[in-house]
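> Sharing a structure, written as structure tokens. Questions coming.
The numbers here are math on the coordinates, done by the rules we state, and not lab data. Remember, predicted model here, so these are calculated numbers, not experimental data. Don't worry about glycine lacking a Cβ; one is built from the backbone with ideal geometry, like all the others, and counts go over all protein chains shown.
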Amino acid sequence: METQPKALIAFCTLTGNTEEIATRLSEELEKCNVEAKVEDIMVASAKDFLKYDICAVATYSFDTGDDTVPQEAMDFFEDLGKLDLTGKIYGVLGSGQEDIYEHFCGAADRFEEQFKISKATRVSDPVKIDFNISSEEDEQKIRNLAGSLVNGYSTASMVKL
Ligand SMILES: Cc1cc2nc3c(=O)[nH]c(=O)nc-3n(C[C@H](O)[C@H](O)[C@H](O)COP(=O)(O)O)c2cc1C
């Protein structure tokens, strides 16, 4: 019987850059036979992750001095920290502006900490994209993350994809 893993990528965006990043990740996962869903973080709920094998968050950063996540992602963020995601594989992606802001993709780092609290399995550093996907290097970072997520799932479930 073939097992098709499922991924949920919750994204948070103001001007679209992060949605594009989330969508690119889903395309790369689909190429690896993963059923990937991309959903706005204001619609998704963190506990939806319990129904998925691969859990990802893509977020922009909007630091107003408190070095935290965007306001509309706060409920999701707090709920994520209360979940037990043992056995799930997670990934975090961020869009920010490296030259302008002190903490590049700070919100992605916050989500990374929250996933650690949830006990999900880490397979990669957060993928940080400067503004939007604009180079082969950016594309490669996303492909690498997809590969790490799929390998992590395969190792954990002993299923070769
Ligand atoms: C007021 C303001 C604060 C921001 N703060 C940060 C920040 O702390 N770190 C960072 O890397 N980028 C920061 N950014 C840049 C945005 O995260 C970046 O433009 C991102 O691409 C927006 O993503 P979106 O198109 O998905 O909304 C800030 C932008 C604005 C307008």
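> Order the peptides 53-59, 130-136, 85-91 from the highest to the lowest mean number of other Cβ atoms within 10 Å of their residues.
Working: 53-59: 28.9, 130-136: 13.4, 85-91: 20.6.
Top to bottom by mean Cβ count within 10 Å: 53-59, 85-91, 130-136.
> For a quick check: with amide H placed at 1.01 Å from N, whose amide H comes under 5 Å from Lys128's, ignoring anything fewer than 5 positions away on the same chain?
The answer is Gly94.
> Whose amide H sits under 5 Å from the amide H of Gly91, counting only residues 5 or more places off or on another chain, with H placed in the peptide plane?
Under 5 Å from the amide H of Gly91 lie the amide H atoms of Cys55, Ala56, Val57, each far enough along the sequence or on another chain.
> Now, a different point. Computed from the mean reciprocal separation of all distinct C-alpha pairs, what Kirkwood hydrodynamic radius does the chain have, in Å? Working shown, then result.
Numbers: mean 1/r = 0.0650 Å⁻¹.
Kirkwood hydrodynamic radius for the chain: 15.4 Å.
> Determine the principal axes of the Cα atoms in segment 18-71, then give the extent along each, sorted from largest to smallest and rounded to whole angstroms.
So the three principal-axis extents are 41, 23, 15 Å.
> Starting with the highest mean, order 148-157, 104-113 by the number of other Cβ atoms within 10 Å, averaged over the residues of each peptide.
Numbers: 148-157: 18.4, 104-113: 21.4.
My ranking of the peptides, most packed first, is 104-113, 148-157.
> Related question: Run down the lysines and flag those whose C-alpha is under 18 Å from the C-alpha of Lys6, throwing out any fewer than 8 positions away in its chain.
Lys31, Lys37, Lys47, Lys51, Lys88, Lys160
> Could you tally the net charge around Thr86, taking each other residue with its Cβ under 14 Å from the Cβ of Thr86, Lys/Arg +1 and Asp/Glu -1? Don't jump to the answer; show the numbers that get you there.
Values: positive: Lys82, Lys88, Lys116, Lys119, Arg122; negative: Asp53, Asp84.
Neighbour charge sum, excluding Thr86 itself: +3.
> Let me check against my output: what whole-number percent is the relative contact order of the chain, with C-alpha pairs under 8 Å and at least 6 apart?
Working: 316 pairs, mean separation 40.0, N = 161.
Result for the chain is 25 percent.
> Please turn the phi angles of segment 126-132 into ³J(HN,Hα) values with the Karplus equation 6.51 cos²θ - 1.76 cosθ + 1.60 (θ = phi - 60°), one per residue in order, whole Hz, x for glycine and proline.
So the Karplus estimates, Gly and Pro as x, are x, 8, 10, 10, 7, 6, 9 Hz.
> For a quick check, take a GNM of the chain with Cα springs below 10 Å and name the residue from Phe49, Phe76, Phe115 with the largest mean-square fluctuation.
Phe76
> OK, next. Quick check: the angle from helix 106-118's long axis to the longest principal axis of the chain, C-alpha only, nearest 10 degrees?
Helix 106-118 and the main axis of the chain meet at about 40 degrees.
> Given the DSSP H assignment, sum -39500 (n - 2.57) over each helix run of at least 4 residues in the chain and divide by its residue total; what's the result at 222 nm in deg cm²/dmol, nearest 500? Write out the running numbers ahead of the final one.
Working: 4 runs with 57 residues, N = 161.
My calculation for the chain gives -11500 deg cm²/dmol from helical runs alone.
> In degrees from 0 to 90, rounded to the nearest 10, what is the angle of the helix 17-31 Cα long axis to the longest principal axis of the chain?
The answer is roughly 10 degrees.
> When Lys and Arg each count +1 and Asp and Glu each count -1, what net charge do the other residues less than 11 Å away from Val34, Cβ to Cβ, add up to?
Here the charged neighbours net out to -2.
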